[in-house]
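Peer 1: Here it is: the structure, laid out below.
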Amino acid sequence: MSTIIEQPRHGCALSAQQTVLAIPRAMPIVHAGPGCASKSFGFAATGAGFQGEGYAGGSHISSTNTGEQEVIFGGEPSLDKEIKGALQILDGDMFVVLTGCTSDIVGDYSQSIAEKYAADGYPVVGTETAGFKGNSYYGHEMVVKAIIEQFVGNIVPKVRRGLVNVFATVPFQDPFWRGDLEEIKRILTKIGLEVNILFGNESAGVSEWRDIPNAQFNLLISPSTGTEVVKLLEEKYQTPYLQYPILPVGGTETSRFLREIAAFAGLSAVRTEKVIKEEEKRFYDYLVSVSDFIGEYWNNLPIDLYTVGDSIYAPGVSSFLVNELGLEPKGIYLTDETKEDWQAVITDALAERDTRLKTSLVFENDGGRIEADIRQKSDKTRHSIILGSSWEKFLALDIGSLYAYLSLPLDETVILNNSYLGYNGGLRLIEEVYSAVFKCRPATARSIY
């Protein structure tokens with residue numbers, strides 16, 4: 001039975017309209033009631049660090065805005081009219097129909113309308129993303145699978161050695177997705193791979209999606225969301241996949257990540273080690289440079305760590321902060337309603353890196369329960385830091401903890417291409433954690449000496 005939760009961290013399946021918007025020149029067409037598209041956009045874009053409308057977001061999203069007439073007599077004519085109008089007026093390379101609760105409850109055959117246009121040669125894909133079917137992670141997978149099945153289609157692969165399709169964080173649901181994907185593409189290209197990154201500014205858009213069947217392998221950087229996608233591609237195009245369950249953050253994990261990928265892809269070990277040596281030198285040179293700050297402010301630095309985020313992001317960030325910065329994990333709260341088989345993957349991956357990470361792991365999507373648990377564990381005699389959302393900021397201020405932003409909702413910061421992933425992201429995370437020593441103190445208590 002469904003229950004009410006406090007402090008929600010994700011939207012409904014219709015939030016997958018943001019997945020469409022993350023593909024350059026792709027456009028969603030929403031078949032739902034008035035306000036559904038704008039509310040989804042508000043949470044997953046404005047509430048994710050004010051990431052902007054982009055090419056076709058915000059008020060530009062096409063919607064049928066169904067009302068009483070469509071509920072009583074059916075909304076298929078309205079959807080047909082909306083698709084026809086969008087194709088005539090909007091300049092896009094792909095159009096994805098998404099449905100809301102109303103249309104799915106009354107039984108509109110939305111996907112068949114999309115299929116009619118696709119049969120006539122238009123780049124239209126149909127999905128059913130009613131909010132009651134699942135959360136934004138579920139919707140993301142449904143949209144990606146629909147594009148593969150209906151748009152990429154049944155073609156014979158022409159495999160290119162060295163080509164990899166990357167499936168990682170969920171666009172917008174991960175507020176740092178743009179910077180994350182840029183860093184992934186940067187480091188994978190350096191070791192000799194050709195990368196279809198699929199989303200964001202580094203993607204070539206629709207042409208990359210059409211190129212998916214030709215990849216040597218697929219790379220899934222996630223213990224959870226995306227699993228069904230890579231399994232579909234394995235079945236459909238016989239493309240093998242490598243699943244890396246921990247987001248690579250910092251020097252140690254990112255170097256391990258590159259070595260595993262190079263071995264799986266049959267890349268030159270010499271080239272890979274050369275890249276790792278260059279990246280590690282830069283990373284640890286910067287890390288050493290902060291030692292003066294640590295020596296000066298050691299008595300103000302955080303000791304205890306609380307992390308609140310999804311199963312894709314929070315484990316990797318926590319592992320880095322524990323294993324490379326020396327923080328003590330007190331609570332790693334995963335908020336995305338993780339399936340039981342995924343939970344085992346996460347638990348094993350964290351235990352392999354540090355048993356303390358495993359024992360501090362909590363699967364919980366209710367923010368009220370998370371807050372209560374942190375309050376119960378909090379020890380005001382020890383400095384702590386909470387990495388989480390705007391919800392956790394208020395909790396941190398109340399219990400005297402430091403805080404830094406990690407997950408949705410985020411309505412008090414602006415994010416362009418920030419990232420905590422890889423070598424560069426690890427450096428950025430160090431800056432955030434140590435800057436919190438000043439950011440979270442009263443202005444009158446600050447000193448530059």
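Peer 1: Can you tell me which residues in the stretch 394-421 are over 21 Å from the mean Cα position of the chain (by Cα) and not hydrophobic (A, V, I, L, M, F, W, C)?
Peer 2: Correct list: Asp398, Gly400, Ser401.
Peer 1: Here's another thing I want to ask about it. So if I check each of Gly226, Gly250, Gly200, Gly295, which one is exposed (fewer than 13 other Cβ atoms within 10 Å of the Cβ) and not hydrophobic (A, V, I, L, M, F, W, C)? Write out each step before concluding.
Peer 2: Working: Gly226 fails: exposed (fewer than 13 other Cβ atoms within 10 Å of the Cβ); Gly250 fails: exposed (fewer than 13 other Cβ atoms within 10 Å of the Cβ); Gly200 fails: exposed (fewer than 13 other Cβ atoms within 10 Å of the Cβ).
Matching residue, one of Gly226, Gly250, Gly200, Gly295: Gly295.
Peer 1: Kindly indicate which of Tyr122, Tyr109 is in contact with a Leu (Cβ under 7 Å, 6 or more places away or on another chain) and farther than 22 Å from Phe167 by Cβ.
Peer 2: Of the residues listed, the single one that is in contact with a Leu (Cβ under 7 Å, 6 or more places away or on another chain) and farther than 22 Å from Phe167 by Cβ is Tyr122.
Peer 1: Using the structure shown, decide if Thr189 is without any contact (Cβ under 8 Å) to a residue 40 or more places away in the chain and under 30 Å from Leu267 (Cβ atoms).
Peer 2: For Thr189, the condition - without any contact (Cβ under 8 Å) to a residue 40 or more places away in the chain and under 30 Å from Leu267 (Cβ atoms) - is met.
Peer 1: Next question. With the checklist (1) at positive phi; (2) crowded, with 21+ Cβ neighbours inside 10 Å in hand, flag the one item Gly121 doesn't pass.
Peer 2: (2)
Peer 1: Further question: Within the stretch 41-49, is even one residue within 19 Å of Ser136 (Cα to Cα) and free of Cβ contacts under 8 Å to residues at least 40 places away in the same chain? Explain how you work it out, then say what you get.
Peer 2: Looking only at the stretch 41-49, we keep the residues that are within 19 Å of Ser136 (Cα to Cα), and these are 41-49.
Now restrict to residues that are free of Cβ contacts under 8 Å to residues at least 40 places away in the same chain: 41-42.
Taking every residue of the stretch 41-49 in turn, at least one turns out to be within 19 Å of Ser136 (Cα to Cα) and free of Cβ contacts under 8 Å to residues at least 40 places away in the same chain.
Peer 1: Would you check if Arg353 is crowded, with 18+ Cβ neighbours inside 10 Å, among the basic types (Lys, Arg), outside the structural domain of Gln51 (by TED's automatic domain parsing) and touching a helix residue (DSSP H, G or I) at 6+ places or on another chain (Cβ under 9 Å)?
Peer 2: When the stated conditions are applied, Arg353 passes them.
Peer 1: Moving on. Restricting attention to the stretch 404-432, and to residues there that are touching an Asp or Glu at 6+ places or on another chain (Cβ under 7 Å) and in a loop (DSSP other than H, G, I, E, B), which single residue is surrounded by the most Cβ atoms within 10 Å (Cβ to Cβ)?
Peer 2: Leu421
Peer 1: From the list Glu228, Glu202, exactly one residue is in contact (Cβ under 8 Å) with a residue 60 or more places away in the chain and among the charged types (D, E, K, R). Which is it?
Peer 2: Unique residue meeting the criteria: Glu228.
Peer 1: Considering each residue of the stretch 56-70, count those that are touching a residue at least 12 places away in the same chain (Cβ under 8 Å) and surrounded by 15 or more Cβ atoms within 10 Å (Cβ to Cβ), and give that number.
Peer 2: Summing the residues that are touching a residue at least 12 places away in the same chain (Cβ under 8 Å) and surrounded by 15 or more Cβ atoms within 10 Å (Cβ to Cβ) in the stretch 56-70 gives 10.
Peer 1: May I pose another question? In the set Ile246, Ile276, Ile261, Ile303, which member is within 27 Å of Leu387 (Cβ to Cβ), in contact with a strand residue (DSSP E or B) (Cβ under 8 Å, 6 or more places away or on another chain), β-branched (Val, Ile, Thr) and not assigned by TED's automatic domain parsing to the domain that holds Arg369?
Peer 2: None of the others qualify; the one that does is Ile261.
Peer 1: Looking at (1) in the same structural domain as Lys439 (by TED's automatic domain parsing); (2) assigned to a helix (DSSP H, G or I); (3) not polar (S, T, N, Q), which is the one condition that is false for Leu287?
Peer 2: (1)
Peer 1: Can I ask one more? Since Gln88 meets every condition but one in (1) modelled with pLDDT of 95 or more; (2) surrounded by fewer than 15 Cβ atoms within 10 Å (Cβ to Cβ); (3) within 30 Å of Gly179 (Cβ to Cβ); (4) among the polar types (S, T, N, Q), which condition does it not meet?
Peer 2: (3)
Peer 1: Can you name every residue in the stretch 381-408 that is within 23 Å of Ala45 (Cα to Cα), touching a residue at least 24 places away in the same chain (Cβ under 8 Å) and among the polar types (S, T, N, Q)?
Peer 2: Listed by number, the residues that qualify are Ser389, Ser407.
Peer 1: Still on this structure, please answer the following. Could you check the stretch 387-401 and list, in sequence order, the residues that are of a type outside the set (S, T, N, Q) and in contact with a Leu (Cβ under 9 Å, 6 or more places away or on another chain)?
Peer 2: Leu387, Gly388, Glu392, Ala396
Peer 1: Looking at the stretch 71-141, what helices (runs of 4 or more DSSP H) fall wholly within it and have at least 1 residues that are over 30 Å from Glu337 (Cα atoms) and out of contact with any Asp or Glu (no Cβ under 7 Å at 6 or more places or on another chain)?
Peer 2: Passing ranges, in order: 76-89, 110-119.
The values are calculated or read from the model by the stated rules, or taken from the named source; none is laboratory data. Remember, predicted model here, so these are calculated numbers, not experimental data. Using ideal geometry, Cβ is built from the backbone for each residue, glycine included, and neighbour counts are taken over all protein chains shown.
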